[in-house]
Number of protein chains: 4
Amino acid sequence: MIKAGIIGATGYAGAELARLLLGHPEVEIAAVSSVSYEGQKLSDVYPNLAGAIDLTLTDMDAVVEASDVVFASLPHGLSEPIAKKCAEKDALFIDLGADFRLYDEADYREWYKLEYKEPELHEKAVYALCEIYREKIKGARIIGNPGCYPTSIALGLYPLLKAGALKTDSIIIDSKSGVTGAGRGLTQGTHYPECNEAISPYKVAAHRHTPEIEQTLSDIAGEKVTITFVPHLLPVNRGILSTIYASLKEGFTKEKVRALYEAAYKDEKFVRLLPDGKFADIKNVRCSNYCDVSLHFDPRTGRVIVASAIDNMVKGAAGQAIQNMNIALGFKEDCGLGMLPNIF
Amino acid sequence: MIKAGIIGATGYAGAELARLLLGHPEVEIAAVSSVSYEGQKLSDVYPNLAGAIDLTLTDMDAVVEASDVVFASLPHGLSEPIAKKCAEKDALFIDLGADFRLYDEADYREWYKLEYKEPELHEKAVYALCEIYREKIKGARIIGNPGCYPTSIALGLYPLLKAGALKTDSIIIDSKSGVTGAGRGLTQGTHYPECNEAISPYKVAAHRHTPEIEQTLSDIAGEKVTITFVPHLLPVNRGILSTIYASLKEGFTKEKVRALYEAAYKDEKFVRLLPDGKFADIKNVRCSNYCDVSLHFDPRTGRVIVASAIDNMVKGAAGQAIQNMNIALGFKEDCGLGMLPNIF
Amino acid sequence: MIKAGIIGATGYAGAELARLLLGHPEVEIAAVSSVSYEGQKLSDVYPNLAGAIDLTLTDMDAVVEASDVVFASLPHGLSEPIAKKCAEKDALFIDLGADFRLYDEADYREWYKLEYKEPELHEKAVYALCEIYREKIKGARIIGNPGCYPTSIALGLYPLLKAGALKTDSIIIDSKSGVTGAGRGLTQGTHYPECNEAISPYKVAAHRHTPEIEQTLSDIAGEKVTITFVPHLLPVNRGILSTIYASLKEGFTKEKVRALYEAAYKDEKFVRLLPDGKFADIKNVRCSNYCDVSLHFDPRTGRVIVASAIDNMVKGAAGQAIQNMNIALGFKEDCGLGMLPNIF
Amino acid sequence: MIKAGIIGATGYAGAELARLLLGHPEVEIAAVSSVSYEGQKLSDVYPNLAGAIDLTLTDMDAVVEASDVVFASLPHGLSEPIAKKCAEKDALFIDLGADFRLYDEADYREWYKLEYKEPELHEKAVYALCEIYREKIKGARIIGNPGCYPTSIALGLYPLLKAGALKTDSIIIDSKSGVTGAGRGLTQGTHYPECNEAISPYKVAAHRHTPEIEQTLSDIAGEKVTITFVPHLLPVNRGILSTIYASLKEGFTKEKVRALYEAAYKDEKFVRLLPDGKFADIKNVRCSNYCDVSLHFDPRTGRVIVASAIDNMVKGAAGQAIQNMNIALGFKEDCGLGMLPNIF
C-alpha cells in the first residue's frame, strides 16, 4: 500500500481527497494536516467521515515525512517549500493549488503577483490534465493539478483546437460553478440566504484561471489563443458547466466536428461524448470523475457551441489528482475512481 | 376602477398577474378563467391568494365580457379570437403569449409553424417593450407583451445598438432562467429531484424567442442583426440573467459606453445601471419590475460584456404587462408596481 | 407623515423593515443606522433597495433624534438605553430583539444571562403579539416585538389553550426555520454548501425562545405551561413551519376544535385557517404578513396536530413590527402590509 | 458472480440499486426491466450511468429468468406473482415495495386496501431491517425491505424500546423527507417551483408507513405500541431526518440512555451514535448506507429526543436491499456499500 498524505485536509478539496482516497485499494492515508484545525480529528471537522478515518490533523512537515505521495490543497504561494521537501525524499508531489500550473513565470507574476522562488522545481513540474498530457505525467514527480474551470474548458475544446477547426480569436466561455468552488472560507456572497436563489457573474474577464486556460488552448492549437472567460456563481453545491462559443473555420461541418470528438475520446473512460440532441448537465456527472461533453451548432452564424460538465470537486480537483497519481505511479488509471454519478 | 380580466389565470404568468393586480389602486379584477380549473376558485388553486380574491374561474368569453382590459396568458396560437372579441367591444387586449410579438408573419410561420388568420389585428398590434417602444404603446389597443428572455436582452443591449457601437455579427447571448419560466406544466426536467442541483443548456441556438430578440435588436440597430442565443435552466424559482458578449467598434471606450447607458436610462425607473465593479444578480430584482444592468469589459479581446437581470415573472411577464396597461391607459407608469425586491 | 428610524438597519430584520416601510403610506424613513456599515449608503449594502432609498447609515443616537417611531433590531442586551432615550422624547420604541419580551426578569436572567438595568421601562413595555394582545398594544410606547418561533406557535395554539382544550403537559413543538432566521452573520453552518441539502435540529430543548413561548402559552391557558421545543434549520431562505402536537381533553372533537379556531380568527385578516384536508406550507405565506394554520387529528392517540406557517422575516419580525406600529399609533392595522405571498 | 436483476429499474429506487450494484464486487447486473421504458437502454433514461451499463430494459419475466437474486421496486400490490416465480426457481427475492413488510394481513388490508393472495409466501417472508432482524435474514429467500421512514425510526428507538425505557404511549415522530422519497412520478407538489423553498406536513397521522413502524416498535418493546407519525416534504433531493419525542420512564438518566445506545450499536458499522452535543444531519449520511443517531434530553419535561438521519435512497431503500442480499447470501455485510457520505 502506498502511503498518501494530505496537506490542507480540511479545505473542501482536501476533504474530498480524503473521502475518495479512503476508497482507493492501493493507497492508505498516512497523515493529514490543517493549520486551522491542527490537533483535532479530521472526522470531528468532517463528521461524514466518522468511522472511516481516525487520523488527527497534524502539520505539513509530518505529512511529508509520513507519505510516499503528498497532495497539497493550499492558497497560492505556499506550495514550493513542500514540493522541495518532497523532491528531497523523492515523494510524489501533487499540487491542487495554482503554483505549479503556469509554465511561464510572467503569467504567474501578472495574475498572482508572486514570483517563482524555486525555478528548477517548475522545470520538473508537469501540468497534468490527464487526457491531454498523459504521456508527460507518467513518471512525473511534481504535478500541477489543473484548475476546475480549465479542466472543463480544455476537455471541451481539445478535439476542435487540435484539428485547427476554430477561428481562435472567436472563443467565448461562459462558465457556471457550484459554490464549493469558492471554498470553505466564509464570505457574504456564499452565506446561504444571499447565494440561494441567486446567480451573477463575477471576476468578469479577470479570473485567475484565464492564463491557465489560454496556456492549454494555445498549446493544443499550436498558436497563441486569447479568450473571453466569464465565470458565474451558481446556487448548487457541486458542478461546473462551461458553455463554449466559437466560430468554425470553413469546411468543418457538424458531422466532421462530431467525428473529431469521437476520435479524440473513444478510448477515454472519463470523457463521455453525448449523443446528438442531448445536453451536458452537471447532475449527470455529480460526485464522479466524468466529463460530459455535448455538441451544438448554430448554422445561422457558423458557430459551434460546446457544453462541458464536470464535478468541480472530483474531475475538477480531487478526482483528477487521484487519476494523476494513478498515471504517475503506474496504477490502473481509473483505480479508486469507480464512483458513478448520483443523478438525484 | 378599471375592470381587468385574466384568461389563463392558473398558469404561472396568469397567477402572478392576479397577485400583482390585487395591489393595483386603479384596477379591480372582474373575472378570471382557466380551462383546467373552470368552476373552482382561483384561491383554491393558489392558496397564497386566499383572503385576497374570491373569484371563481370561468371561461374566456365571460372574461372578455366582464372586462375593460383583458390579459391573456395562453399557449401560442390561441390569442387571435380573443383579440378579435376585445377589438369588437373596444377592450384593451394584452397578450402575454407569443402571438402578437412578431411583426413578420414569416418569422411566426418558421418558428411557431402557424399562420396569422387575422392579419389586420396584427397590423394594429404593438410589440410593447415599455422602455423602447413607449410612444407606440400609448393608446394601443392590442399589445404583444414581450417574452422574458427578449426583455432582459433588449434592455441589456439597447444603448449600445442605438449608438451603433457594436459589430452586430458578434453578439452571443448566454441566458440563465429560473424554473417558473418553464411554466406550471409537469415535465421530467422540472421534477424537483431532476432539476435541483442541476444546470444544462436547452434548445441551443433554437429557442423560439430568437426571432423576437432579433426583431428588436435589428430595429434598434437599424440593420439586420443575427445572434447566437443559448438558454439554460437554472435551479431557482425566479429570475433571468442574460450574459451578453459583443465586440465593440473602434472608439467605443469603457467611459463612452457607460455614458451611453447613463443617457439612455437616467429617467427610467425600472432600469437600474449598476456602478462600475458591481455585477447584476437576479436576487436584487426578485419579485420586482426592475431590470438591473452591469457593464464589463475585456480589453484583451475588445469585447463588452453586459449582464442583465430581471424577474422573469414580473418584468419578464406580469409586471411588464401591467406597466403596458398603465402606459396604454394613461395611468402613472409605475402604478401598482412599487414592490421592492426581496434580496433574501 | 410619521418619521421612522431603524437601528440595526443592515441586519436581515432591519433591512426587511426598510423594504416594507418604503411601501407604507403613512411613514417615511427618516434615518437608519448600522455599527458595521456607518457612513455607507443602505442601498450599497442592499442593492435591491437602490433607487428606492438614498439614506446614509448613521449612528443610533441620530436615529432616535430624527424619528417619531424607532425600530431596533439588535443583539440582546443593547435595547434598554435606546428605549430610555425614546421614552425621554416620547418616541414610540419597537424592539425586534429579545430585551422587552420577557415579563419576568428571572427568565431573562436564566436564558440570556443578563439583568434588567431599567426595570421601570420593562413595566411599561408590552409584549406585542398583535392578535392576542391587541388591546394592550393600543397606545403603548415600548413594544417588545415577538420572536419568530413564538409567533408561529402562539397563533397555532391560542384557540385551544384559551378554551382549555389541551392537557397542557403534553405539548411538543417541532419547528423548522429558513436560514434568514439565523441572521446575516457568517457561520460555518450557514455557509451555502454546508446548509444546502441539509437539515438538522439545533439547540434541542434549549432555545432562548422557550421562555417567551411558555410565557404566552401560560398566559393564555391561565396556568403554567411547560413545553418541549425543538427548532430545525431548513435549507430555504424564508419561513417557519411549526408542527405542534398535543393531547386533547375529553370532549374536544374535531368539529369542536375547528369551531374554536373559526371563532378566534374569523375577524383576523392575517391569520388564515385552512380548510379541512389542507396543510399549512411556508410557500403560501412567503413575503407576506399571513399566518396559515391547518388542523389535523390523530384519533388513534387522541392528539391534535396543528401546523402553523409564517414568513419569519415578515409576520415573524418586520411585518409584525409594522402591524404593532399601526396598532399603537392608530393607523389601519393592515396599512402597508398588503403584500400578497408569492407562492413560487 | 451472482446474477442480479432489477424489476422497476427506472424508478428512483431501482435506478439507485443499479448504480450501487454496478460497484458490488460479487454481483453483476443480468437484467433490468421497466414497464414505461421497455426496449430502451437504462442509460438512455439515466444518462448518469452511460458507459457503466449497457443493458436494454426488458420485462419482469425476463428479469426473473436471468437472475439469481431479483430486486423489485414497484407500486404495492404487484409483488406476489414475482415472489412466486422467484420461489419456483429458488431465486432470492428482495421486495423494495410494501407487499412483504406487514406480517398481519389485517394491517395490509386496512392501510393498502388489498388482500394477500399468496399467504404461504408471506409466511416465508422476512421483514428485513438488518440491524434488528439480522439472524432471521440469514438464509431468507423472500425479503421485505423496510420503508425509508420506518428504517430511520426503528433504528432511532431500538435501544430505548428494547430496554423498556419509554412510556410507549408517548411516542411522537416528526419526520422530514427529501423529494426523491416521493418517487419519479410527476405531481404538482413535486414540480420544482412549488416544492423549492417550501415545507409542509402531509398525510398527517395517516401515512401508510404507520403500521410498519408500529409493527417493529411493538415487536421490540414486547407490547403494542401506538404512535403519532407526521411526515413532511423537504426541499432537498435525498435524506430523511426523524425527530422522535418520547417520555422516559423513571430511572432512565441521560447517561443510562447513552449506554443503551452504545451497547446496541457498538458493533454496527452502519449506525453511528453521535457524541453528546452533536446533531444528526442528513448531509452527513448523504449517498451512504449510514444511519446517524443523536440523543437529546429535555430535563424540564422528562422527555428524550432522538434525531435519526439516513439517506432515504440508500439505507432507506437500495443500500439496505443490498445489505440484506449480503446477509441472506453470506457475503460480507458491507460488501459494495463502502461509499462515504459527501457532506457537500
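The values are calculated or read from the model by the stated rules, or taken from the named source; none is laboratory data. Computed from a predicted structure; not experimentally measured. Cβ: placed from backbone, ideal geometry, glycine included. Neighbour counts: every protein chain shown.
Counting only residues that are out of contact with any strand residue (DSSP E or B) (no Cβ under 6 Å at 6 or more places or on another chain), in contact (Cβ under 8 Å) with a residue 12 or more places away in the chain and surrounded by fewer than 20 Cβ atoms within 10 Å (Cβ to Cβ), region A:100-130 holds 12 of them. Considering only residues that are among the hydroxyl-bearing types (Ser, Thr, Tyr) and surrounded by fewer than 20 Cβ atoms within 10 Å (Cβ to Cβ), which ones fall in region A:215-246? Correct list: A:Ser218, A:Thr226. Within region A:213-238, the set of residues being over 24 Å from A:Cys287 (Cα atoms), within 11 Å of another protein chain (Cβ to nearest Cβ) and touching a Lys or Arg at 6+ places or on another chain (Cβ under 6 Å) comprises A:Thr226, A:Thr228. For region B:1-20, filtered to residues that are farther than 15 Å from B:Ile53 by Cα and out of contact with any Asp or Glu (no Cβ under 7 Å at 6 or more places or on another chain), the residue that is nearest to the other protein chains (Cβ to nearest Cβ) is B:Tyr12. One residue stands out among those in region B:307-318 that are more than 9 Å from chain A (Cβ to nearest Cβ) and touching a strand residue (DSSP E or B) at 6+ places or on another chain (Cβ under 6 Å): the one that is surrounded by the fewest Cβ atoms within 10 Å (Cβ to Cβ), which is B:Ser308. Suppose we filter B:Ala4, B:Ala13, B:Ala18, B:Ala9 for residues that are part of a loop (DSSP other than H, G, I, E, B), within 18 Å of B:Gly336 (Cβ to Cβ) and touching a Leu at 6+ places or on another chain (Cβ under 7 Å); which single one remains? Step by step, each of B:Ala4, B:Ala13, B:Ala18, B:Ala9 is checked, and only B:Ala9 is part of a loop (DSSP other than H, G, I, E, B), within 18 Å of B:Gly336 (Cβ to Cβ) and touching a Leu at 6+ places or on another chain (Cβ under 7 Å). Look at (1) touching a Phe, Trp or Tyr at 6+ places or on another chain (Cβ under 6 Å); (2) assigned to a loop (DSSP other than H, G, I, E, B) and you find that C:Thr210 fails only one, number (2). Among the candidates A:Tyr46, A:Tyr12, the residue that is under 19 Å from D:Cys287 (Cβ atoms) and under 21 Å from the mean Cα position of the chain (by Cα) is uniquely A:Tyr12. Does at least one position in region A:31-41 carry a residue that is in contact with a Gly (Cβ under 7 Å, 6 or more places away or on another chain), farther than 17 Å from A:Ser79 by Cα, surrounded by fewer than 17 Cβ atoms within 10 Å (Cβ to Cβ) and in contact (Cβ under 8 Å) with a residue 24 or more places away in the chain? Within region A:31-41, none of the residues are in contact with a Gly (Cβ under 7 Å, 6 or more places away or on another chain), farther than 17 Å from A:Ser79 by Cα, surrounded by fewer than 17 Cβ atoms within 10 Å (Cβ to Cβ) and in contact (Cβ under 8 Å) with a residue 24 or more places away in the chain. Tally the residues that are under 19 Å from D:Gly183 (Cβ atoms) and among the small types (Gly, Ala, Ser), restricting the search to region D:17-39. Counting residues in region D:17-39 that are under 19 Å from D:Gly183 (Cβ atoms) and among the small types (Gly, Ala, Ser) gives 4. Summed over region B:265-280, the residues that are among the charged types (D, E, K, R) and exposed (fewer than 15 other Cβ atoms within 10 Å of the Cβ) give a count of 3.
Checking the condition more than 17 Å from A:Leu166 (Cα to Cα), within 13 Å of chain B (Cβ to nearest Cβ) and of a type in the set (Val, Ile, Thr), which residue from A:Val285, A:Val271, A:Val304 passes? Of A:Val285, A:Val271, A:Val304, the one residue that is more than 17 Å from A:Leu166 (Cα to Cα), within 13 Å of chain B (Cβ to nearest Cβ) and of a type in the set (Val, Ile, Thr) is A:Val285. Being crowded, with 17+ Cβ neighbours inside 10 Å and touching a Lys or Arg at 6+ places or on another chain (Cβ under 8 Å) is true of C:Asp68. Of everything listed in (1) closer than 20 Å to C:Asp174 by Cβ; (2) of a type in the set (A, V, I, L, M, F, W, C); (3) not in a helix (DSSP H, G or I), the single unmet condition for C:Phe331 is (1). Looking at region A:128-151 only, could you name the residues that are modelled with pLDDT of 95 or more and farther than 23 Å from A:Asp292 by Cβ? Of everything in region A:128-151, those that are modelled with pLDDT of 95 or more and farther than 23 Å from A:Asp292 by Cβ turn out to be A:Glu135, A:Lys136, A:Lys138, A:Ala140, A:Arg141, A:Ile142, A:Ile143, A:Gly144. For D:Glu223, the criteria (1) of a type in the set (Asp, Glu); (2) in a loop (DSSP other than H, G, I, E, B); (3) under 25 Å from B:Val236 (Cβ atoms) hold in every case but one, which is (3). Scanning region D:237-288 for residues that are among the aromatic types (Phe, Trp, Tyr), over 29 Å from C:Ser170 (Cα atoms) and over 17 Å from the mean Cα position of the chain (by Cα) turns up just one, D:Tyr265. Are any of the residues in region D:198-206 farther than 23 Å from B:Tyr46 by Cα and either out of contact with any strand residue (DSSP E or B) (no Cβ under 8 Å at 6 or more places or on another chain) or part of a loop (DSSP other than H, G, I, E, B) (or both)? The answer is yes; a qualifying residue exists. In this structure, does D:Thr253 turn out to be among the hydroxyl-bearing types (Ser, Thr, Tyr), surrounded by fewer than 24 Cβ atoms within 10 Å (Cβ to Cβ), out of contact with any helix residue (DSSP H, G or I) (no Cβ under 7 Å at 6 or more places or on another chain) and facing another protein chain (nearest Cβ under 9 Å)? It is false that D:Thr253 is among the hydroxyl-bearing types (Ser, Thr, Tyr), surrounded by fewer than 24 Cβ atoms within 10 Å (Cβ to Cβ), out of contact with any helix residue (DSSP H, G or I) (no Cβ under 7 Å at 6 or more places or on another chain) and facing another protein chain (nearest Cβ under 9 Å). Looking across region A:160-197 at every residue that is more than 23 Å from the chain's Cα centre (by Cα) and in a strand (DSSP E or B), the one that is nearest to the other protein chains (Cβ to nearest Cβ) is identified as A:His191. Do you know which of the residues in region A:46-65 that are surrounded by fewer than 20 Cβ atoms within 10 Å (Cβ to Cβ) and among the β-branched types (Val, Ile, Thr) is nearest to D:Asp334 (Cα to Cα)? Ranking the qualifying residues of region A:46-65, first place goes to A:Ile53. For region B:88-97, does any single residue satisfy the condition of being buried (at least 16 other Cβ atoms within 10 Å of the Cβ), under 24 Å from B:Glu214 (Cα atoms) and of a type in the set (Gly, Ala, Ser)? The answer is yes, given that some residue of region B:88-97 is buried (at least 16 other Cβ atoms within 10 Å of the Cβ), under 24 Å from B:Glu214 (Cα atoms) and of a type in the set (Gly, Ala, Ser).
Evaluated against (1) farther than 22 Å from B:Leu295 by Cα; (2) within 14 Å of another protein chain (Cβ to nearest Cβ), A:Thr210 falls short on exactly one condition, (1).
Has region C:21-30 got at least one residue that is in contact with a strand residue (DSSP E or B) (Cβ under 6 Å, 6 or more places away or on another chain), within 13 Å of chain B (Cβ to nearest Cβ) and either farther than 18 Å from C:Ala318 by Cα or in contact (Cβ under 8 Å) with a residue 40 or more places away in the chain (or both)? Yes, there is a match, as at least one residue in region C:21-30 is in contact with a strand residue (DSSP E or B) (Cβ under 6 Å, 6 or more places away or on another chain), within 13 Å of chain B (Cβ to nearest Cβ) and either farther than 18 Å from C:Ala318 by Cα or in contact (Cβ under 8 Å) with a residue 40 or more places away in the chain (or both). Go through (1) out of contact with any Cys (no Cβ under 7 Å at 6 or more places or on another chain); (2) within 24 Å of C:Glu333 (Cα to Cα); (3) assigned to a loop (DSSP other than H, G, I, E, B) and name the single condition C:His24 misses. For C:His24, the failing item is (1). What are the residues in region A:329-340 that are touching a Lys or Arg at 6+ places or on another chain (Cβ under 8 Å) and buried (at least 21 other Cβ atoms within 10 Å of the Cβ), if any? A:Leu340 - this is the single residue of region A:329-340 that is touching a Lys or Arg at 6+ places or on another chain (Cβ under 8 Å) and buried (at least 21 other Cβ atoms within 10 Å of the Cβ). Among the residues of region C:144-156, some residue qualifies, meaning at least one is crowded, with 24+ Cβ neighbours inside 10 Å, over 30 Å from A:Cys195 (Cα atoms) and not small (Gly, Ala, Ser).
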